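What follows is a short report on a single structure.
The values are calculated or read from the model by the stated rules, or taken from the named source; none is laboratory data. Keep in mind it's a predicted model, so treat the numbers as computed, not measured. FYI the Cβ positions are ideal-geometry reconstructions off the backbone, even for glycines, and counts take in every protein chain you see. Accessible surface areas use protein heavy atoms only, side chains included; no ligands, DNA or RNA. Shrake-Rupley method; radii C 1.70, N 1.55, O 1.52, S 1.80 Å.
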Amino acid sequence: MTNTHCPYCALQCGMEIGPGLAISPRTDIPANASGALCQKGWTAGELLTNGERLTTPLLHGEPVEWDVALDYVAERLAAIRAEHGPDGVAVFGGGGLTNEKAYTLGKFARVALGTSQIDYNGRFCMSSAAAASIKAFGMDRGMPFPITDLAEADVVLLAGGNVAETMPPFVRHLSGPRVIVIDPRRTQTAKLAWLHLQPTPGTDLALALGMLHLAIADELVDEAYVAARTTGFEEVRTSLASWWPERVERITGVPVYRMRQAVRALAAAGNAYILTGRGAEQHAKGTDTVSAFINLALALGLPGRHGSGYGCVTGQGNGQGGREHGQKADQLPGYRKIDDPAAREHVAGVWGVPADSLPGPGRSAYELLDALGTPGGPRALLLFGSNPVISAPAAEHVAERIASLDLLVTCDFVMSETAALADVVFPVTQWAEESGTMTNLEGRVLLRSQAVAPPEGVRSDLDVIAGLAERLGHRFETEPVKIFDELRRASKGGLADYSGITYERIAAEKGVFWPCPEPGHPGTPRPFLDSFATPDGRARFVPVQHRPAAEETDEDYPVYLSTGRVLAHYQSGAQTRRIAPLVQAAPEPFVELHPDLAEQLDISPGDIVRVSSRRGEGKAVARISDAIRRDTVFMPFHWEGANRLTNPALDPTSRMPEFKVCAVRVERDS
């Protein structure tokens, strides 16, 4: 038996792999210590034996030897860089890559390619919560407390998260507290809740402002905590004058008495948490929305106290670690800023290059994809662990931009929709065929150990990167433990300091929390108990104001669209849509709409429905349900279609696209 972790979400549930790829849950990993796995986890072994696996490199669709493919890519990269400069080449990573891969990819982009054009799909996941947490606390660690703390709470508010479907074992930690859910749909999580607030899509920010207004008006603010541990409250208090509850009810549709019920429950609790998910964050005002919920948490005295706090429910398997070590356009390892001279000197010293040779910040994820093939934009793209033809907003436009490239190179294990457009496809190892570390939603660094040998002809992403680097005149390590040791040095002294963490410690301790600045350090499960990571140690209130969605409904597009995940599938579905039990559980996309809207549009269950936005259209089977608002339809994004519709309007701070709300027209397809 080999101890490892699930290949999917950020819970990173512990599992064992036995003979014949038999999977069983571990009981020594807190995320799923009760021995729980979801359907995706139980069937994860089928990823490794999938009949659609690629086992040889493809050059223009034809099988070739590894050296032929690597030589071709290196020659094309050199030619494109010579003609268009280093930024003529772009790199796009993924939130499912191990820490070692994320670190190596960032180093490869900046050292071997010299390009500033690197970002990753985690920009579509965690960026708004990260930006708001940095503003408030000086540091972003999704959940700055162990997940097991939630079970001891009296109340947990979850804004825009559906953990019962996206990460089912999470629900085991919510069996103790009263749960409040904010979601336009009565999701499986909302059905478990003590209280469900069902706002109009795109109005979470107004709701959070109204709740804080109520907390102040009803004298529920923890004034002693605010005075001792925060700054900026008076400015926020003043900024809330116009957000009286009745106005917020008109904007959000949430009755005042329900808002007051939620606020009073949080304030009366001995221990309480406010958590945000993608539903609140994937907006062009997502950073401000999270800031508003953090302001509420601070006013109630929750963050930095054992048993209470604010946290973000990270989505992708390594969404946390993936952004800490260099995949993002503006970051270097250790969560350092790439435009910080001291950070550049430190990391360049570890890499053995002059600090002034490192490029500056590049384009964010959507801006990078939007620039592909344009004058002044990248002409080549190296893609690792992502499928933007399905997962990016305005996906049809993104596919057109990708098709305009001079060179597209993908690393994948199957022919995903994006890989099908590539000039070169490298077949790469899967989760149980390699070792590496992941950082889960708690900030706990975990070890995935290799359990089985990969198929003949398949290599690791690290081998691909090293092979290309060698041909470009650089030597890159391929052994994960050696890369992790270098990562430790590069992260030392940064906010996300891994320097005291080793593979041996992770295995012995079942995971180590960062920051862990030296070998004898115990790790930091609750980093804000004594002080916050700001210059004065105090958390900062951030005044924000509600504004409408980037695209409101009108006569031509009178219905809101919201998107999300379903239990059986994960992200773009490239993995799960190839596993028979998961396909059987959820075989096709659907459009969920309210019975009143269905009657108005003459749509019956099972009809094919065409949903159109200003960017494209998608078709799917109608599913009629009173769990959704009358003015809203829902589509899962695991299949082609939903993200043809979504709006690429960007948050000005995080550069997060507005996935969660856009205006659409819904019709029965003739």
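Here the contact order of region 1-126, divided by its residue count and restricted to Cα pairs under 8 Å and six or more residues apart, works out to 14 percent. Note: region 302-343, Cα convex hull, 108 Å³ per residue. Sorting 536, 340, 423 by accessible area puts them as 536, 340, 423; the probe is 1.4 Å, largest comes first, and only protein heavy atoms count. The helix-only estimate of mean residue ellipticity at 222 nm for the chain, built from DSSP H runs of length n ≥ 4 each weighted as -39500 (n - 2.57), is -8500 deg cm²/dmol after division by the residue total.
Across region 617-670, the relative contact order, built from alpha-carbon pairs under 8 Å that are at least six residues apart, equals 28 percent.
If the chain between residue 258 and residue 244 were fully stretched, how many nm would it gain, using 0.36 nm times the residue separation less the Cα-Cα distance?
The residue 258-residue 244 span can extend by a further 3.6 nm.
With contacts taken as Cα pairs under 8 Å at a separation of at least 6 residues, the chain carries a relative contact order of 20 percent. Shape summary of region 476-624, radius of gyration then Dmax from alpha carbon positions: 25.0, 67 Å. Rg/Rh for region 354-412: what does it come to with C-alpha atoms and Rh from Kirkwood? In region 354-412, Rg relative to Rh is 1.01. Taking the Cβ-Cβ separation of residue 374 and residue 453 as r and a Förster radius of 51 Å, what is the calculated FRET efficiency to the nearest 0.05? Once the sixth-power term is evaluated, E becomes 0.75. In terms of packing, defined here as the mean over residues of other Cβ atoms within 10 angstrom, the peptides 154-160, 630-636, 323-329 line up highest first as 323-329, 154-160, 630-636. Here is the P(r) of region 213-355: all C-alpha pair distances, binned every 10 Å from 0, give 10, 29, 29, 19, 9, 3, 0 in whole percents. Candidate cross-link partners of residue 328 among the lysines, defined by an alpha-carbon separation under 25 Å and a same-chain spacing of 8 or more, comprise 101, 107, 135, 285, 337, 482, 492, 660.
Looking at the chain, send over the antiparallel percent of its DSSP beta bridges, to the nearest 5. Around 45 percent antiparallel, to the nearest 5.
State the three equivalent ellipsoid semi-axes of region 70-169, derived from the C-alpha gyration tensor as the square roots of 5 times its eigenvalues, in descending order and whole Å.
Working: eigenvalues 304, 44, 28 Å².
They are 39, 15, 12 Å, listed largest first.
The Rg/Rh ratio for region 550-601 is 1.11, where Rg is the radius of gyration of the alpha carbons and Rh is the Kirkwood radius. Beyond 22 Å, the tail of the calculated P(r) for region 120-252 holds 50 percent of the Cα pairs. Between residue 602 and residue 27, full extension at 0.36 nm per residue minus the direct alpha carbon distance yields a gain of 201.9 nm. Note on region 192-276: percent of Cα-Cα distances in each 10 Å bin, starting at 0 and stopping at the bin with the largest distance, equals 16, 49, 30, 4.
Coordinate range of the alpha-carbon atoms in region 38-88 per principal axis, descending: 49, 25, 15 Å.
Sorting 71-83, 191-203, 55-67 by their mean Cβ neighbour count within 10 Å, with the most densely packed peptide first, gives 191-203, 71-83, 55-67.
Using a simple spin-label model with pseudo-atoms 7 Å out from Cα toward Cβ, residue 340 and residue 231 lie 1.7 nm apart.
All alpha carbon pair distances within region 315-364 were sorted into 10 Å bins beginning at 0; the resulting P(r) in whole percents reads 28, 53, 16, 3. Rounded to the nearest 0.05, what FRET efficiency is calculated for residue 148 and residue 2 with R0 set to 25 Å and r the Cβ-Cβ distance? After rounding to 0.05, the efficiency reads 0.50. Per-peptide packing, taken as the mean over residues of other Cβ atoms within 10 Å, places 216-225, 301-310 in the sequence 301-310, 216-225 from highest down.
Taking the Cα-to-Cβ direction at residue 626 and at residue 521 and moving 7 Å from each Cα, how far apart do the two end points lie in nm? Here the answer is 5.5 nm between the modelled labels. Loop-located trypsin sites (Lys or Arg not before Pro) in region 475-581 (DSSP state other than H, G, I, E, B) with a sparse environment of at most 15 neighbouring Cβ atoms within 10 Å: 475. With Cα atoms as the point set, the radius of gyration and Dmax of the chain evaluate to 23.8, 71 Å. In the context of the full protein assembly, residue 1 retains an accessible surface of approximately 140 Å², using a probe radius of 1.4 Å and ignoring ligands and nucleic acids.
With all pairs of separate Cα atoms included, region 1-134 yields a Kirkwood hydrodynamic radius of 18.3 Å. Panel note: the C-alpha atoms of region 349-507, placed on their principal axes, show extents of 47, 42, 36 Å (largest first).
Approximating the spin labels as points 7 Å out from Cα along Cα→Cβ, the residue 669-to-residue 507 distance works out to 5.2 nm. Taking 0.36 nm per residue of separation and subtracting the Cα-Cα distance, full extension of the segment from residue 59 to residue 218 would add 50.6 nm.
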